[in-house]
Every structure is written in structure tokens, then in C-alpha cells.
1. Ignoring ligands, DNA and RNA, please state the percent of accessible area on segment 40-122 from carbon and sulfur, probe 1.4 Å.
2. Carbon-plus-sulfur fraction of the accessible area of segment 134-198, 1.4 Å probe, in percent?
3. Pairs of Cα atoms under 8 Å, at least six residues apart: use those to get the relative contact order of segment 1-112, whole percent.
4. In debye, nearest 20, what is the charge dipole magnitude of the chain about its Cα centre with +1 on Lys and Arg Cβ and -1 on Asp and Glu Cβ, if you could check?
5. How charged is the neighbourhood of Leu138? Take every other residue with its Cβ under 11 Å from the Cβ of Leu138, and add Lys/Arg as +1 and Asp/Glu as -1.
6. Skip the ligands, DNA and RNA, and give the accessible area per residue of the chain with a 1.4 Å probe, whole Å².
7. Based on DSSP, what percent of beta bridges with both residues in the chain are antiparallel, to the nearest 5?
8. At each listed q (0.20, 0.23 Å⁻¹), what is the log10 of I(q)/I(0) that the Debye formula gives for segment 1-107 modelled as equal alpha-carbon point scatterers?
Amino acid sequence: MTGTQADFDSVFQAIRADEQNGEFTRQGIDPLYTASATSRLVIIGQAPGRVAQETRIPWNDKSGDRLRDWLGIDRVTFYDPSAVALLPMDFYYPGKGKSGDLPPRRGFAEKWHPVLLGMMPQVRLTVLVGSYATRRYLELSSSAKLTDVVRNYADYLPRFFPLVHPSPRNQLWMSRNPWFETDVLPRLRSEVASALRG
């Protein structure tokens with residue numbers, strides 16, 4: 001089913017009204033995601049960071065800069081819902097934990113992603129960023145290692161393309177796995193370009 005703008009607006013209001021998100025709504029914090037009936041590329045990450053939630057711009061940090069470089073697209077394209085949908089595993093900043101941001105809330109993506117994706121029939125590729133998205137959508141076992149999943153990305157094409165998180169904290173991982181830059185990124189950019197062309 002192709003969703004109309006009214007359909008997308010209705011889902012947005014339903015997310016705001018859901019008691020699971022009541023604490024955020026009462027603080028005047030809206031869900032942060034983008035989606036359109038014409039989106040051809042979907043990017044599923046973890047959850048908005050603090051800066052993203054404060055600025056109301058998803059991926060508005062160094063991780064976002066790196067992700068856009070990996071994808072081979074500019075900010076204008078990245079933030080154009082008619083081409084790219086940004087659907088994190090949770091649409092709200094989950095708060096700070098002992099070693100970084102807290103994980104996305106359980107059950108959130110399971111409740112709202114199918115509703116939104118069901119209104120987006122033109123999606124050609126879904127990029128899964130990080131362990132939460134890859135485990136959910138690729139139905140991986142708890143023992144699966146993200147490095148192996150990313151190395152074997154071709155197993156999940158043409159529907160999905162798994163990635164590690166582009167956080168600067170993963171610089172050490174990048175240096176230990178040079179194949180990611182030489183083998184994976186060129187194919188990623190090719191697949192993204194193809195999806196955006198329709």
C-alpha cells in the first residue's frame with residue numbers, strides 16, 4: 001500500500017500519542033525519523049543521539065558525516081525523504097549509559113517499522129547500521145559477529161546491506177579491517193546509487 005501524506009501524518013501522531021512515548025511527548029519531544037511513499041533507500045540505525053534530538057536533525061554529527069561518505073551521497077540527498085528514509089530502531093534519544101548512549105527500547109521498531117515500511121512500496125535497498133539493526137532484520141543468532149556479517153554483506157543483497165556503526169570510536173575497527181574500505185565501501189556506493197536511480 002502506498003501511503004499518502006495524511007497516512008504518514010496519522011502515524012506520526014499515533015507515535016506521539018502512544019503511552020510508551022508519553023514521557024517524551026509531555027516534554028514536547030517529537031519522534032525523530034523521516035519517511036515518504038517515494039523513498040527508495042532506507043537507513044536503519046540505532047537511535048537518535050542527544051545532538052540529533054536537540055537539533056531535530058538525524059545523524060547530525062561526525063558519525064553522520066562518515067556515514068554519508070560511506071554511502072557516497074551528500075547532505076541534500078540524505079535528508080530528502082522522497083529519496084531516503086531514516087528509520088532508527090527507536091525514534092527517541094534513549095539517554096546516556098555508563099559506556100555511551102543507552103540501547104534503543106525493546107519492541108519499538110517491531111511496533112512502528114512495519115507500519116511505515118508498509119506505506120513505502122518503492123524501497124529498493126535497506127542499509128542496516130550497527131548491531132541492533134542487523135540483528136533485528138537479518139534474524140541473526142546471539143553468537144553472530146557483526147564483523148563477519150559485514151564481511152559477508154553480499155549474502156544479504158539485494159534487499160539488505162549490513163554495516164558497522166560509523167562512530168569515530170570504530171576507527172580502531174577500521175584499521176584492523178582494511179577490507180571494509182577496499183572491498184565493502186565501493187559495492188555499498190554502487191548499490192546505493194542504483195537504488196536511488198530507481
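1. 53 percent
2. 46 percent
3. Details: 142 pairs, mean separation 34.7, N = 112.
That works out to 31 percent.
4. 440 debye
5. Working: positive: Arg135, Arg136, Arg159; negative: Glu139, Asp155.
Residues close to Leu138 contribute a combined charge of +1.
6. So the chain comes to 50 Å² accessible per residue, rounded to a whole number.
7. Antiparallel bridges make up about 20 percent of those DSSP assigns within the chain.
8. For the requested q values the scattering log ratios are -1.15, -1.40.
The values are calculated or read from the model by the stated rules, or taken from the named source; none is laboratory data. Since this is a predicted model, take the numbers as computed values, not measurements. Cβ coordinates were reconstructed from backbone atoms using ideal geometry, including for glycine residues, and neighbour counts include every protein chain displayed. Just so you know, the surface numbers come from the protein's heavy atoms only, side chains and all, with ligands and any DNA or RNA stripped out. Shrake-Rupley method; radii C 1.70, N 1.55, O 1.52, S 1.80 Å.
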